[in-house]
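Peer 1: Here it is: the structure, laid out below.
Just so it is clear, none of the values below were taken in a lab; they were calculated from the coordinates. Small disclaimer: the values here were computed from a predicted structure and weren't measured. Cβ sites come from the backbone with ideal geometry, for glycine too, and all protein chains shown count toward neighbours.
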Amino acid sequence: MSYQYKWPIYGHKNLLKFLQETISQDKLANTYLFYGPRGLGKKLTVKYFAQSIFCEHQENRPCGECQSCRMTAKNSFLDLYTLGKDQDLSVENIREFLHKLSMSHVSGEKKLAIIYGIDSINLYGANALLKTLEEPPRNTTIILVADSIVNLPATVISRCQMLKFRPLTSDDMKEWLENFDLAAKEKQTVINLSFGRPGIALTMMEDDLENFKKSCNFIIKLLSGSTFYFMQKSINGLLFLKKKILDPSFMN
Ligand SMILES: [Zn+2]
C-alpha cells in the first residue's frame, strides 16, 4: 500500500524512512529495540510510528483526526498496550503486562506493545520477557525503548530488530531551531551545548528562555573575548611545561 507519512521529527532520516516502509509494505518485525541516549526523539518516533500503524487514512499518516489516531494519542486504543511510562518494570508488572497481552484478542489487524525504559528491567523481568520474545503472541509487534543497552541481556537483544538513534547533525539541529525565536548566535550556542540532542536543548530553553538567552550571550562573550584567548594560551603553556618535565630532551 502506498501511504504518505507526516512525522514532525528532525534528523534520523534513514531510520524514519525504514520504519515508514515497513508499515507500507506490511513487514513489521516481531520486536524492535529503539535505543540511544536520552533527548534524541525516541519516544516521539514511537508515538508517530504507533499512530501510523493504526491510522485509517492513506495520506499524512498519522492524520491525527481519525478515531484510531485520537484513541492512540489518548493511549486508549484497544490494540495498543504500553508499560513503563507510569509504572516501574518490576517482574510482577512485566508478567501482568505480558499475560494481558497474550490473553487479549486483536480487535483490528494487529496488536502493538510498547515497553519504555527497558534498560531498567531486572534479570527476572528479562527472563519473563524473553519467553514472549521467543514465542510472540500472534499478530503482535513489540517495541522496547532504552537509553542504553549496556545492561540488557544479550538473549533479549538478539531477538530484536535494533534501531540506533544517533545525535542530530548540526544542520538538522539548525532546521529544528527554526521553530524557536532565537538569534543566530543563540541558536549556535544551543547547538554547541546540546550535543545534537533536541530533548536536552528543549529542557535548557524551557526552564527559562530569557535566562537561557542571557547565559548564551555570556558564553558567547566569554568564548569570543580575550578571556578565551588567555585560557587557551595558559593551557598551551601548561602542556608545554608538562611535556618538558616528562621529556627533558624535548628542549634539545
Ligand atoms: Zn488517523
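Peer 1: Scan segment 164-200 residue by residue and report those that are among the hydrophobic types (A, V, I, L, M, F, W, C) and in contact with a helix residue (DSSP H, G or I) (Cβ under 6 Å, 6 or more places away or on another chain).
Peer 2: 165, 173, 176, 177, 190, 191, 200
Peer 1: Taking residue 49 as meeting all but one of (1) within 20 Å of residue 198 (Cβ to Cβ); (2) assigned to a strand (DSSP E or B), write down the number of the exception.
Peer 2: (2)
Peer 1: Sort out which residues of segment 65-82 are small (Gly, Ala, Ser) and more than 13 Å from the ligand (Cβ to nearest atom), and write them in order of number.
Peer 2: 76
Peer 1: Of the residues 100, 85, only one is more than 16 Å from the ligand (Cβ to nearest atom), basic (Lys, Arg) and touching a residue at least 24 places away in the same chain (Cβ under 8 Å); which?
Peer 2: Selected residue: 85, the only one of 100, 85 that is more than 16 Å from the ligand (Cβ to nearest atom), basic (Lys, Arg) and touching a residue at least 24 places away in the same chain (Cβ under 8 Å).
Peer 1: Take segment 54-64 and flag every residue that is acidic (Asp, Glu) and more than 6 Å from the ligand (Cβ to nearest atom).
Peer 2: 59
Peer 1: Moving to a separate point now. Out of all the residues in segment 38-51, which are more than 8 Å from the ligand (Cβ to nearest atom) and either touching an Asp or Glu at 6+ places or on another chain (Cβ under 6 Å) or not hydrophobic (A, V, I, L, M, F, W, C) (or both)?
Peer 2: 38, 39, 41, 42, 43, 45, 47, 48
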